[in-house]
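What follows is calculated from the coordinates using simple rules that are stated; it is not laboratory data. Keep in mind it's a predicted model, so treat the numbers as computed, not measured. With ideal geometry, Cβ positions are generated from the backbone for all residues, glycine too; neighbour counts draw on all protein chains shown.
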Amino acid sequence: MEEDNPEFIGEYHLDELITSSENIYSDCEVYKATKRNTHEKVILKLSRYSDRGNTELEILNAIRHEFIVNLLDSFKTKFLRNVMIFEKYPRDLQELYTEESLESNRIQKFMNQLMTGIQYIHDKNIIHRDIKPENLMITETDSLKIGDFGISRYTNPTASMTPESVSLWYRPIEILLSCKNHTTAVDIWSAGCVMAELYRRCPLFKGEGQINMINKIINVLGKPTLEEWPTMNELPAMSMIELSGPDSKNFENAIPNASKKSLDLIQNMIMFDPARRFSASQVLQHAYFKTEDISEQNNYEPSFP
Ligand SMILES: Nc1ncnc2c1ncn2[C@@H]1O[C@H](COP(=O)(O)OP(=O)(O)OP(=O)(O)O)[C@@H](O)[C@H]1O
Ligand SMILES: [Mg+2]
């Protein structure tokens, strides 16, 4: 640490580093911290590099919502590193669902909160681009807050975006096939993967690398046809790889305990063609949210796919 007093950043005492210093892809270090005078416990996010723009802060300053993490303060250190201070929550959704079993009505509530938050940011033309359980915080009152806007961007139909955006297991098929123009549909795919994961208690597509991911997706969704995805051959990677796998869909086996309505919703969120994938408001209007969900409790480790 390059500051004068390594234990303090501004008014905040650094208690514990949460993120791994080995994660070289992350531009930030995240700490548990305590405010000097008030003893308030907070989360402090410190950029590794000095004098950089901070898109995350720009976006967080443009949004405020009950289902989005609460930014309390922001400033620059003497060495011009960006600091963001967040309200501290007890745990993230990844920790929650691995520690306790979630009843289907609780999954339904979290999905409603997640999609309401996503609808809000999409209405503001923001794509989150890293929706996954570790980036969704759960409050003391069991409410969900979307966090980590570190790679979020404003939508831009002409911008070319880096393919390594969304974390591999939650990365939609079009990005795996090198689509450079990301739309809000990428978040819907990731949210669909999160929903399936909560019912399965295990990631839906736990691939090792891009090609393995594509194969895992096709094992569940079946090989895409031109009828369901008319523009697929326009994607850069399609001239280099041949898609192979079963022709039929396999959703029931992949998420065996999910109710018919929850399966139907997941299928509409994880749809090959991003243009046909549900929007956040279509998700929220789906029959799944209209009645109590009757998916069975999942008490076993899934062996599929
Ligand atoms: N407000 C918060 N309250 C409690 N824990 C938090 C909060 N914000 C972040 N965390 C924890 O710190 C982790 C890393 O934070 P965040 O995802 O914002 O940073 P990151 O640099 O993107 O890290 P990574 O690359 O690991 O995703 C989160 O996965 C979460 O467990
Ligand atoms: Mg993160």
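Basic side chains Lys and Arg get +1 at the Cβ, acidic Asp and Glu get -1 at the Cβ, and with that the dipole of the stretch 1-143 about its Cα centre reaches some 400 debye. Amide H contacts of C28 (H built 1.01 Å from N, in plane; Pro and chain starts excluded): R48 sit under 5 Å, all sequence-distant by 5 or more or on other chains. Straight-line cross-link reach from K32 at under 24 Å between alpha-carbon atoms covers these lysines, not counting any fewer than eight positions away in the same chain: K41, K45, K76, K78, K88, K132, K145. When each of the peptides 211-223, 52-64 is scored by how many other beta carbons lie within 10 Å of its residues on average, the order from highest to lowest is 211-223, 52-64.
Each of the peptides 11-18, 36-43 was scored by the mean count of other Cβ atoms within 10 Å over its residues; in descending order, highest first, they stand as 11-18, 36-43. Beta bridges per DSSP, both residues in the chain: antiparallel share near 95 percent. Sites listed here are GluC sites (Glu not before Pro) in the stretch 98-153 whose DSSP assignment is loop and whose Cβ has at most 14 other Cβ atoms within 10 Å: E100, E103, E140. If you take the Cα centroid of the stretch 31-76 and the Cα centroid of the stretch 228-259, the two points sit 39 Å apart. Of interest is the spacing of the C-alpha centroids, which for the stretch 100-162 and the stretch 175-206 amounts to 12 Å. Calculated mean residue ellipticity at 222 nm for the chain: -8500 deg cm²/dmol, from DSSP H runs with n ≥ 4 weighted as -39500 (n - 2.57), summed, divided by the residue count and rounded to 500.
An oblate overall shape is assigned to the stretch 29-91, the ratio a/c of its alpha-carbon gyration tensor axes (a ≥ b ≥ c) being 1.5 or greater and a/b not exceeding b/c. Sorting the segments 281-289, 253-261 by their mean number of nearby beta carbons within 10 angstrom, highest to lowest, gives 253-261, 281-289.
In the chain the Cα-Cα distances spread across 10 Å bins starting at 0 as 6, 26, 33, 23, 10, 2, 0 percent of all pairs. The overall shape of the stretch 92-251 is oblate: from the C-alpha gyration tensor, with semi-axes ordered a ≥ b ≥ c, the ratio a/c is 1.5 or greater and a/b is no larger than b/c.
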